[in-house]
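For reference, the structure discussed in these notes is given below.
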Amino acid sequence: MQAAVRLGNGLIMHQRDVPIPSPTEPGQVRVKVHAAGTNPVDYKLPKLVAGPIAGIDVAGVVDAVAPGAPPGAAFDVGDEVFGFATGGSVAEYALADASKLASKPETMTFVDAAAMPTAYVTSYQALFEHGEMRPGARVLIIGASGGCGLAACQLAAAGGAAEIVAVCSSRNAQLCADAGATEAFDYADDERMQELLTRRFDLVYDAASGSGAGEDYRGFGMDVLAEPRGRRVAINGGFGEWFATLTGWGRGERDRLMLTRQDGEELTKIVELLGGDPSPVIDRVFELDLSGVNLGFARQKSRRARGKIVIKVV
């Protein structure tokens, strides 16, 4: 089968002779991939950790289930699904744990469905679990024009936030507004950012710090938290921050660095929260071929994507 394979050092290339995987573990299914979403983690994680095939987010049709699947198992052959793949998704076939998949709404395209899993589940958990967002909350989203940031704008709006302030470039202000932001601040405008420091927020969702180009909004985010219960939730961090998070040393309850929990049930909740017909923002769609893989991951690495990048397979 065709697949996007990791070569090491962040390099990913198209390959045609990759073996088709077979589901063998209880609860495992094989998905005939129609589309796969990409994420920075696809090229940041080494091959020894993430496996030879790139990609986590998948949308397609179940075409095989592990032998001995119990009657009434979550998914059957022919079901349209989306969620998190095991062992790579940018390929013609992918394996997945059924508990990490959800039924694709009939109204959604496979491309839209492939754009959702990592960005939307990460942002949902950041806002509603780690951030404990409630209706009427004042929310600041840093890095608002990326995949996770735009998902957060939509989810915060659907969750009843009173204010959704986006930090992004000026050219992406309208994009964030269309996704639900009530106001936007240009991170390159020092005067505007100083003005933002006079505001207070119940939740700061930081999708920018530690993302690869030296951004660090941790101090800024803590400075604008409302007392006494405001929280900052980040999705990236340096070694010291991860050490503090994993060990519990030197990190307070109001400053959280999170790991996404892959969960098919939460994907279903997200679809319901967004009215049953989500509309993720798609930056570009590329084909699963030599040119598409090269261009798609180059676009991902450029950090200029406005929304999600998707590789279309079928």
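Things to note:
- Cα-based equivalent ellipsoid of the range 3-49: semi-axis lengths in Å, sorted from largest, via gyration tensor: 22, 13, 12
- Note on exposure: 168, 148 ranked by accessible area (1.4 Å probe, complete protein assembly) read 148, 168, with the most exposed listed first.
- Of the options (1) 19.8; (2) 20.4; (3) 22.3, only one is Kirkwood radius over Cα pairs in Å as computed from these coordinates, and that is (1).
- Highest-fluctuation residue, 106, 183, 241 considered, GNM on the chain with Cα pairs under 10 Å: 106
- Under Karplus coefficients 6.51, -1.76 and 1.60, residue-wise ³J(HN,Hα) of the range 83-98 in Hz, glycine/proline x: x, 10, 7, 10, x, x, 10, 7, 6, 6, 9, 9, 8, 8, 7, 4
- Of 68, 136, 55, the one that fluctuates the most in a GNM where the chain has Cα springs shorter than 10 Å: 68
- Percentage relative contact order, the range 131-198, counting C-alpha pairs under 8 Å, at least six apart: 29 percent
- Near residue 28: Cβ cut-off under 13 Å, other residues only, Lys/Arg at +1 and Asp/Glu at -1. The net charge is -1.
- Principal-axis analysis of the Cα atoms of the chain puts helix 290-302 at an angle of about 20° to the longest axis.
- The HN-Hα couplings worked out from phi for the range 149-163 by the Karplus form 6.51 cos²θ - 1.76 cosθ + 1.60 (θ = phi - 60°) are x, 5, 4, 5, 4, 5, 5, 5, 5, 5, x, x, 4, 7, 10 Hz, whole numbers, x standing for Gly and Pro.
- Sequence-distant contacts, meaning Cα pairs under 8 Å at least 6 residues apart, place the relative contact order of the chain at 19 percent.
- Think of it as helices only: each DSSP H run of n ≥ 4 in the chain is worth -39500 (n - 2.57), and spread over all residues that comes to -7000 deg cm²/dmol at 222 nm.
- Cross-link partners of residue 269 among lysines, defined as those whose alpha carbon lies under 16 angstrom from its own and excluding same-chain residues fewer than eight positions apart: 100, 104.
- Residue with peak Gaussian network fluctuation, the chain [Cα springs, cutoff 10 Å], from 190, 283, 42: 190
The values are calculated or read from the model by the stated rules, or taken from the named source; none is laboratory data. Because the structure is a prediction, the values reported are computed rather than measured. Neighbour counts are summed over all protein chains in view; Cβ atoms, including those assigned to glycine, are modelled from backbone coordinates with ideal geometry. Accessible surface is based on the protein model in full, side chains and every heavy atom, while ligands, DNA and RNA are left aside. Shrake-Rupley method; radii C 1.70, N 1.55, O 1.52, S 1.80 Å.
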